[in-house]
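See structure below.
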Number of protein chains: 2
Amino acid sequence: MRLFSLVDRNKPSLARQSRDYLPSQAIYRAGADGLAWRVKSGVVRLDAAGKSGEASFASLAIAGDIVGCETMLFGVYTFTASALTPCELTPWPEGKSATAGDSLLASLALAQQRAADLVALRGGQASDRVLGLIRLLADGAGRVILPTRQDIADITDLRIETISRIIKGLERASILLPLKMQGIHATRGYSLHFAHAA
Amino acid sequence: MRLFSLVDRNKPSLARQSRDYLPSQAIYRAGADGLAWRVKSGVVRLDAAGKSGEASFASLAIAGDIVGCETMLFGVYTFTASALTPCELTPWPEGKSATAGDSLLASLALAQQRAADLVALRGGQASDRVLGLIRLLADGAGRVILPTRQDIADITDLRIETISRIIKGLERASILLPLKMQGIHATRGYSLHFAHAA
DNA sequence: CGCATTTTTGATACACGTCAATCTCCGTGG
DNA sequence: CCACGGAGATTGACGTGTATCAAAAATGCG
């Protein structure tokens, strides 16, 4: 529930600053007040608060998406946000002519596109959903940092055991290679080999 | 692909006018150009165009939602829109100070809320998904006009037979009553009895 | 090194999918 | 007014993709 101090301990003040989060770190909680943010990199998970405190997956935000903009209307966050991969957020709206037309319009269009992506991740065969998520999260070079199996399961509405079986399968089929194998130390980092994947 | 004429045959001109659609009617098609719209009433289905022409369910829009705003950025629609129940749309942005801050911001927040609703309709037990959709579509008085079984199936990622069994079950449990029984003629119109429902 | 957490694997169960017949509307035309 | 036809809805019997449950096996970390 606490509000993040607007004063960063490293960089001396300047109030509206970008922030970094590590996987599983809370970004903000439903009901609290705070700023709206734009996701610069990484993957953010949004959860709706159920009656009895339990959080249920509600949405996903990736680079470019705006999160928490409802605070600007209601004063409090509707969802709880947490980091699924290392990620960086900056306060929104950015600088000067920010709230102006085109920027906001682009954000609206992006939000609708993201909603369609999410819908696709929750329908069809289990392996297609997981592959769909991996593709959504992969960068141009085919590198991905995956969320934990549990988070992938929540996003795709599958079970953790099912996710594990599918990802192991992709590894065995050489579609997904752990970066660790290539000497790079990045937990849950993989390289995706499109060639094989449909 | 055709563009709807901006001149309505009934009401003499005034260019930017609201439009009515009947279930299963196409509103606009992906790739075509046209205006952005706000849904005043009814339920609109958005489909992403697959490689080979087939349409796959992408999103849902209900009263208050904006659809097709991407034309204002890209010049063409990203999705294909069609009516699932009788519905009315008006051109957007509305009138004067339209594109201004708050209205757009509210639309963005609403879009994100809708995305979360959609996600909830595609996870968990089959009967909960269907009930969730019915609740989403019901008006304050517990009246609903449901889409066809096929459309409900597409939205919830279930099969038409499963939907049929679940809805018949709700009818038998007196949670959902066909309005027809009450002498009102409205195909697929029901009244929802919250009392029994969870 | 040793513990807690996450991931993997196997065996079995069940919710929903699939296939195939009806059945119910409704509009159409004789 | 009724036979006809087509689209949507319902129902039953059976199959299967994931969920479940239960144990190992990895992995990360102090």
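In straight Cα distance, which aspartates and glutamates are under 19 Å from B:Lys180, not counting same-chain residues fewer than 8 positions off?
B:Asp139, B:Glu171
Would region A:19-119 count as rounded, prolate or oblate if I go by the C-alpha gyration tensor, calling it rounded below 1.5 in a/c and otherwise prolate when a/b exceeds b/c, oblate otherwise? Display every interim value, and only then the final one.
On the way: a/c = 1.43, a/b = 1.37, b/c = 1.05.
In terms of gyration-tensor shape, rounded.
Over the whole of B:74-84, what's the average partner chain Cβ count within 10 Å per residue? Rounded to a whole number, please.
1
How big is D, in µm² s⁻¹, for chain A by Stokes-Einstein at 10 °C and 1.306 mPa s if Rh is the Kirkwood radius over C-alpha pairs?
Approximately 88 µm²/s, per Stokes-Einstein.
Whole angstrom only: what separates the Cα centroid of region A:112-179 from the Cα centroid of region B:17-39?
One Cα centre to the other: 34 Å.
List B:Phe57, A:Phe74 from most exposed to least, where exposure is judged by having the fewest other Cβ atoms within 10 Å. Kindly include the intermediate steps, with their values, before the conclusion.
Details: B:Phe57 22, A:Phe74 10.
Ordered from fewest to most neighbouring Cβ atoms within 10 Å, B:Phe57, A:Phe74 come out as A:Phe74, B:Phe57.
Mind checking the full-extension length gain between A:Lys40 and A:Leu177? Use 0.36 nm per residue of separation minus the Cα-Cα distance, one decimal, nm.
46.8 nm
Given a Förster radius of 30 Å and the C-beta distance between B:Ala63 and A:Asp102 as r, what FRET efficiency does 1/(1 + (r/R0)^6) yield to the nearest 0.05?
Using R0 = 30 Å, I get an efficiency of 0.70.
Report, for A:Gln25, each distance to the same residue's label point in the other copies, shortest first and in nm; define the point 7 Å along Cα→Cβ.
Relative to the other copies, A:Gln25 has label-point distances of 5.3 nm.
Rounded, prolate or oblate: which fits region B:40-84 when a ≥ b ≥ c are the square roots of the eigenvalues of the alpha-carbon gyration tensor, with rounded for a/c under 1.5 and prolate only if a/b beats b/c?
Working: a/c = 3.00, a/b = 1.23, b/c = 2.44.
In terms of gyration-tensor shape, oblate.
What value, in deg cm²/dmol to 500, does the helix sum -39500 (n - 2.57) over DSSP H runs of n ≥ 4 give at 222 nm once divided by the residues of chain A?
On the way: 5 runs with 57 residues, N = 198.
Per the formula, -9000 deg cm²/dmol.
If each of A:His185 and A:Arg135 carries a label point 7 Å out from its Cα toward its Cβ, how far apart are those two points in nm?
According to this spin-label approximation, the distance is 3.5 nm.
Helix check for chain B. Which DSSP H runs span at least 15 Å along their own axis by Cα, with a mean Kyte-Doolittle hydropathy no less than 1.6?
Helix filter hits for chain B: none.
If R₀ is 41 angstrom, what is the calculated FRET efficiency for the pair B:Ile160 and A:Ser52, using the beta carbon separation as r and rounding to 0.05?
Efficiency, from the Cβ-Cβ distance: 0.75.
Given the Cα-Cα distance of A:Asp33 and A:Asp128 and 0.36 nm per residue of separation, how much length would full extension add, in nm?
Once the chain is fully extended between A:Asp33 and A:Asp128, it gains 30.4 nm.
Can you sort B:Tyr190, B:Tyr21 from fewest to most other Cβ atoms within 10 Å of each residue's own Cβ?
Fewest-to-most Cβ neighbours within 10 Å comes out as B:Tyr21, B:Tyr190.
Readers should treat all values here as calculations from the given coordinates under stated rules, not as data from a laboratory. Source: prediction; values computed, not measured. Cβ coordinates were reconstructed from backbone atoms using ideal geometry, including for glycine residues, and neighbour counts include every protein chain displayed.
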